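Worksheet: the structure to be examined is printed underneath.
The values are calculated or read from the model by the stated rules, or taken from the named source; none is laboratory data. Just so it is clear, the model here is predicted, and its values are computed rather than measured. Neighbour counts run over all protein chains shown; Cβ positions are idealised from the backbone, glycine included. Note: accessible area is taken over every heavy atom of the protein model, side chains too, but ligands, DNA and RNA are not part of it. Shrake-Rupley method; radii C 1.70, N 1.55, O 1.52, S 1.80 Å.
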Amino acid sequence: MTTQTATPLGKKPRLMNKRSGISALERERARTGRVMILPAAILVIAVLGVPIGQAIYRSMEQWDGLTATWIGPSAYTHAFSDPTFWRVMENNALLLLAVPFAVLIPLGIAFLLNEKVPGWKVFRSIYFMPTAISWVVIGMVALRFFAQAGPLDSIFSAFGLGFIHPNLLSNQHQALLAVGITFVWSMVGTNTIIFLTGIATLDPSLSEAAQVDGTNAWQRLIHITMPQLRRFILFSSTLTMISAFTALFSLIFVMTGGGPGYGTTTLEFFIYQNAFGQGQFGYGALLGIVLFVIMAVVGLIQLRLLRVDD
Amino acid sequence: MATVSYIDATCHYSGHPVPAVDGLDLEIGDGEFMVLVGPSGSGKSTALRMLAGLEPVASGEIRLGGEDVSSLSPKHRDIAMVFQNYGLYPHMTVADNMGFALKLRRAPKTERAARVQEAARLLDLEQYLARKPKALSGGQRQRVAMGRAIVREPSVFLMDEPLSNLDAKLRVETRANIVALQSRLGTTTLYVTHDQVEAMTMGHRVAVLKDGVLQQVDTPRKLYEQPCNTFVAGFIGSPAMSLTTAPLVEGGAHIGTTFVPLRPEVTSACRSGFVSTVVLGIRPEAFAVAEGADLSIQVSLVEVLGADSYVHGDIAGHEGKFVVRCDGRLNPQIGESLALSVKPQEVHAFHPETGQRLG
Amino acid sequence: MSTSVETSPLQSPAITPDAQRAAFARRRRLRTGLLLALMTLIAVVMLYPFFFMIETSFKSENQFVNGTGGFSLSSWSQLAQALPWAREMLNSTIVCACAIAIILAVSTTAGFAFAKLRFRMSNYILTGIVAAMLVPIQSIVIPLYVNAAHLHLVNSYFGAVIIYAAIGTPFATFLMTAYYRSLPDEVIEAAIIDGAHYFGVFRRVALPMSIPALVTIAVLQFIQIWDDLLVGLLFLQNPSERTITVGLGALAAGRTTNIPVLMAGSLVSAIPAVVVFLIFQRFLTTGLTAGVSR
Ligand SMILES: Nc1ncnc2c1ncn2[C@@H]1O[C@H](COP(=O)(O)OP(=O)(O)OP(=O)(O)O)[C@@H](O)[C@H]1O
Ligand SMILES: [Mg+2]
């Protein structure tokens, strides 16, 4: 200490209003904090925030990207009275029917993996692996799988059901089923991992205590295990729902192009079609806002339900 | 080297109505080992962190080497700190941990290496210099945290319960090592602990805090022999001093039916204060077992420590527990009564309302 | 099970504890076997696309259409012509690398600030950024496209990179904030006392401590961006700049009838993401469940 070199005390102190109780350190902290969040804030505002505002404004215009005429809020009432819009919304609603399957099947698989049969980690990797493949690739394979005389047909004939030619994709009312099945398949990996994580957090002593109390396995599942997994089920349901609304663009683009007819046109695909297929940018923007509102509602509901949990 | 003065220093946490540290006045001499002690939540850490510059001084000031540093940020204060959980950088080796401050100051590499080496030698860490903190035992980590402070050669060491993560045996050992190190380096030190034994054994002087208010600053011996109020009296010493309210009589007070004489200063203070009762404080060793005495304690618990044992129990007509030190070979049974005498010159007296020491 | 074990010793003293144990072990083995069979069946379903792609890509167009067996490398020899995959994979790599670099840079700084340098309003700003996770790209793609056209950013890496970066930033910031919150304050205060300023604490202490979280974000974003179609389709239309997924999508939408070639292309495009997945699986898992684990 006697050889104290560069004396830091020598630096000019910044004076402060002592009664405010804010120290030099706190001021530096706040200043650095503001600067450090700036890039993220700018990026998000410029690329996500501003366009949402623009989309809201443009949704009330007749707009082809170059020239625009103001319509006003009646654009919405007009859109909501269009039967095609409701046809598309119906597709989305039908796809939501796939959500329980996309959640419960992985839940079952997670319990299966959790039996920890030798080699289960390899199976876990295999089930999880499809999350790495793009929807484009999945769609391309699915397209062949469901095609006429494709593997699905072969499977039916192998079981002596050769007279059924499902040929889902060429039927306006069945193509969505093929999309739904593919969607469920592709959510398996993600949701299984979520539930495996959830199961790992279970408190075994609760289940053991219930066993001592003479409950059977089914009762324990319903009354002990499931409530503990509530958070995870909620999370995976939300994720699956959001995916059903916003992640299927590539799949539909490759698999069906939205057809036959409007058979597989979901809202997100409808946006693309209107804007970039038909140049109706204003209507596309409006549809985008509808989608955004739906997503915000789903997100807020999840948030509220998770809050209740805590 | 430096002196430290807290002058009416106050710290408020936003959202808390009462200040965490309230008008603290404390002088720490150059090279002194000052211990801040008090129960949990009494503001010890806050007081220390104010000196470090980690908490703002809302009013009053803090001086370091005579200069007001209240508005300086930590790096301009020339202090080093040892944290309770050590706060080691997990991704750096022991050597890098200790040399980090010098590196930030752009000290030449050779000087840095030499100082780290020197500190490692002092703390017996030489063979661990290349390891990461994760690969060290708790005691070794503690020494690295010390080393990081030493290497800086600061004018003040600040330590916030640096031993609380060690097991009992290691704590006693390290206690001695820190004291030896501090006296060897001669660096002014402010040491925070909630353990009064640590405070008494380590500090040149000890400052007792309660609810953000300084109660007493004194040498350990003075603190033990002349606690300034009932709080300090009960806090310092283990087992704690027995405190009980007793009626005043001419020249003394009554415990049970036994007359305990009080020093004239005490009785005169009582008289001028117009009080009719007084709080008596009696340490376990101020009692003596006396066959046939008329004061007796109803035994409820016996702690046998070997040479001594501590007998806990009640005295008829008095609130509170009493603790008596007696010979370890004497083995009273629970429920028995034990006859006692009191050494009058060791009885403390406190004001029944304010709790302040009388006389 | 319990009944037989309990009653049998009374009936026949021949059943020793050893025999009981053997029966138990047999039952266990049977159960394990059944579970394995079920798991294998699921594995086949999950791996089906890989089987299909590999099998089909090694057929000629005729062999595939006629459903005959056979082995042919013709699709592989035609692949480069149909799909300039080397160029497109390079494009994918460039776009991924730049976007990930931006995401990491902005999310680590912001995450550290939100977690440890809290200031007035910082929590509201964090909520705002995290809420942007709910903005579907389809909702903003139209204004984005028009804006980018005005700025001449359509068909440049830069435009796509910025958009990918912005889409990835909210989640990455959320993850980094949670990660930095879990760092003990003491380490940061120690560095402050050692003389660092807050940005120095971030750069020299917090950032090196958060490598696992960085890897998680990088892997998650890599797979997401590599596999994305929509943004690439709109913002990287030129064959010379488009990513492999866009190239594949375009090829598929062109209604190419040569399916073996398509499958060869799909296989090639999937390999990098699958390899990254296999290497960094562990990190991916933590990233995915970051939203639920407390
Ligand atoms: N960051 C904070 N924000 C708000 N209040 C705080 C904060 N830190 C401490 N306090 C409050 O200030 C008071 C003093 O706290 P401090 O940490 O100084 O106590 P301490 O004496 O060090 O206790 P311990 O022995 O438990 O460490 C307590 O009442 C505490 O609740
Ligand atoms: Mg403390």
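Which of (1) facing another protein chain (nearest Cβ under 8 Å); (2) open to solvent by 60 Å² or more (accessible area, probe 1.4 Å); (3) within 16 Å of ligand 2 (Cβ to nearest atom) does B:Gly41 not meet, given it meets every other one?
B:Gly41 satisfies all of (1) facing another protein chain (nearest Cβ under 8 Å); (2) open to solvent by 60 Å² or more (accessible area, probe 1.4 Å); (3) within 16 Å of ligand 2 (Cβ to nearest atom) except (1).
Quick one: is C:Leu207 at the interface with another protein chain (Cβ under 9 Å from one of its Cβ atoms) and not small (Gly, Ala, Ser)?
Judged against the criteria, C:Leu207 is not a match.
Quick one: in the stretch B:185-199, which of the residues that are assigned to a loop (DSSP other than H, G, I, E, B) and within 14 Å of chain A (Cβ to nearest Cβ) is nearest to ligand 2 (Cβ to nearest atom)?
That would be B:Thr187.
Where the second residue is of a type outside the set (Asp, Glu) and in a loop (DSSP other than H, G, I, E, B) and the first is more than 7 Å from chain A (Cβ to nearest Cβ) and under 13 Å from B:Thr188 (Cβ atoms) and lies in the stretch B:63-80, which pairs have Cβ atoms under 6 Å and are six or more apart or on separate chains?
Once the first residue is more than 7 Å from chain A (Cβ to nearest Cβ) and under 13 Å from B:Thr188 (Cβ atoms) and sits in the stretch B:63-80, its partners that are of a type outside the set (Asp, Glu) and in a loop (DSSP other than H, G, I, E, B) give B:Leu64/B:Ala2; B:Gly65/B:Ala2; B:Arg77/B:Gly53; B:Arg77/B:Val69; B:Ile79/B:Pro154; B:Ala80/B:Arg152; B:Ala80/B:Pro154.
Going residue by residue through the stretch B:102-115, is there one that turns out to be open to solvent by 10 Å² or more (accessible area, probe 1.4 Å) and touching a strand residue (DSSP E or B) at 6+ places or on another chain (Cβ under 8 Å)?
So far as the stretch B:102-115 goes, no, none of its residues is open to solvent by 10 Å² or more (accessible area, probe 1.4 Å) and touching a strand residue (DSSP E or B) at 6+ places or on another chain (Cβ under 8 Å).
Considering only the stretch C:164-201, how many residues are over 20 Å from C:Thr109 (Cβ atoms) and touching a Leu at 6+ places or on another chain (Cβ under 8 Å)?
Within the stretch C:164-201, residues that are over 20 Å from C:Thr109 (Cβ atoms) and touching a Leu at 6+ places or on another chain (Cβ under 8 Å) number 4.
Among the residues of the stretch B:196-209, what is the count of those that are within 16 Å of ligand 1 (Cβ to nearest atom) and over 16 Å from B:Leu48 (Cβ atoms)?
2
Tally time: how many residues in the stretch B:17-33 are away from chain A (no Cβ under 13 Å), more than 16 Å from ligand 2 (Cβ to nearest atom) and closer than 18 Å to B:Arg205 by Cα?
Going through the stretch B:17-33 one residue at a time, the tally reaches 7.
Return the total of residues in the stretch B:266-300 being more than 18 Å from B:Val342 (Cβ to Cβ) and open to solvent by 80 Å² or more (accessible area, probe 1.4 Å).
The qualifying residues number 4.
Working carefully through the options B:Leu54, B:Leu48, B:Leu36, B:Leu88, find the one that is within 11 Å of ligand 1 (Cβ to nearest atom), buried (at least 18 other Cβ atoms within 10 Å of the Cβ) and under 30 Å from C:Pro212 (Cβ atoms).
Residue meeting the stated conditions: B:Leu54.
Mind listing whichever residues of the stretch C:232-251 are open to solvent by 10 Å² or more (accessible area, probe 1.4 Å), under 26 Å from C:Glu61 (Cα atoms) and without any contact (Cβ under 8 Å) to a residue 40 or more places away in the chain?
C:Ala250, the sole residue that qualifies.
Suppose we keep only residues that are surrounded by fewer than 19 Cβ atoms within 10 Å (Cβ to Cβ), part of a helix (DSSP H, G or I) and aliphatic (A, V, I, L, M) within the stretch B:163-180. Which one would you say is nearest to ligand 1 (Cβ to nearest atom)?
The selected residue is B:Ala168.
Say we look at the stretch B:152-162 and pick out the residues that are within 16 Å of ligand 2 (Cβ to nearest atom) and assigned to a strand (DSSP E or B); which of these is surrounded by the fewest Cβ atoms within 10 Å (Cβ to Cβ)?
Among those residues, the one meeting the criterion is B:Asp160.
Considering only residues that are open to solvent by 30 Å² or more (accessible area, probe 1.4 Å) and part of a helix (DSSP H, G or I), which ones fall in the stretch C:215-231?
Once the filter is applied, which keeps residues that are open to solvent by 30 Å² or more (accessible area, probe 1.4 Å) and part of a helix (DSSP H, G or I), the stretch C:215-231 yields C:Val215, C:Phe222, C:Gln224.
Search the stretch B:1-15 for residues being open to solvent by 20 Å² or more (accessible area, probe 1.4 Å) and in a loop (DSSP other than H, G, I, E, B), and hand back the single one that is farthest from ligand 2 (Cβ to nearest atom).
Among those residues, the one meeting the criterion is B:Met1.
Among the residues of the stretch B:184-193, is any open to solvent by less than 70 Å² (accessible area, probe 1.4 Å), of a type in the set (Lys, Arg) and farther than 30 Å from B:Gly355 by Cβ?
The first filter runs over the stretch B:184-193 and keeps only residues open to solvent by less than 70 Å² (accessible area, probe 1.4 Å), leaving B:185-193.
Of the ones still in play, those that are also of a type in the set (Lys, Arg) are none.
No, the stretch B:184-193 has no match at all.
Report those helices (runs of 4 or more DSSP H) wholly inside the stretch A:50-134 carrying at least 3 residues which are in contact with a helix residue (DSSP H, G or I) (Cβ under 6 Å, 6 or more places away or on another chain), open to solvent by less than 50 Å² (accessible area, probe 1.4 Å) and over 30 Å from A:Tyr283 (Cβ atoms).
Details: elements: A:50-58, A:74-80, A:83-96, A:98-113, A:120-128.
Per the criteria, A:98-113, A:120-128.
Do the conditions hold for B:Glu285, that is, is it away from chain A (no Cβ under 14 Å), within 16 Å of ligand 1 (Cβ to nearest atom), over 21 Å from B:Pro352 (Cβ atoms) and outside any strand (DSSP E or B)?
Here the answer is no, as B:Glu285 does not meet what is asked.
Got a sec? Which of C:Phe199, C:Phe171 is at the interface with another protein chain (Cβ under 7 Å from one of its Cβ atoms) and either buried (at least 24 other Cβ atoms within 10 Å of the Cβ) or free of Cβ contacts under 8 Å to residues at least 60 places away in the same chain (or both)?
C:Phe199
If we scan the stretch C:148-165, do we find a residue that is more than 25 Å from C:His197 (Cβ to Cβ), open to solvent by 20 Å² or more (accessible area, probe 1.4 Å) and at the interface with chain A (Cβ under 9 Å from one of its Cβ atoms)?
Start the filter on the stretch C:148-165 by keeping residues that are more than 25 Å from C:His197 (Cβ to Cβ), which leaves C:148-165.
Applying the additional criterion that residues be open to solvent by 20 Å² or more (accessible area, probe 1.4 Å) yields C:149-158, C:162.
The next check asks that each one be at the interface with chain A (Cβ under 9 Å from one of its Cβ atoms); those that pass are C:149, C:162.
Yes, that holds for at least one residue.
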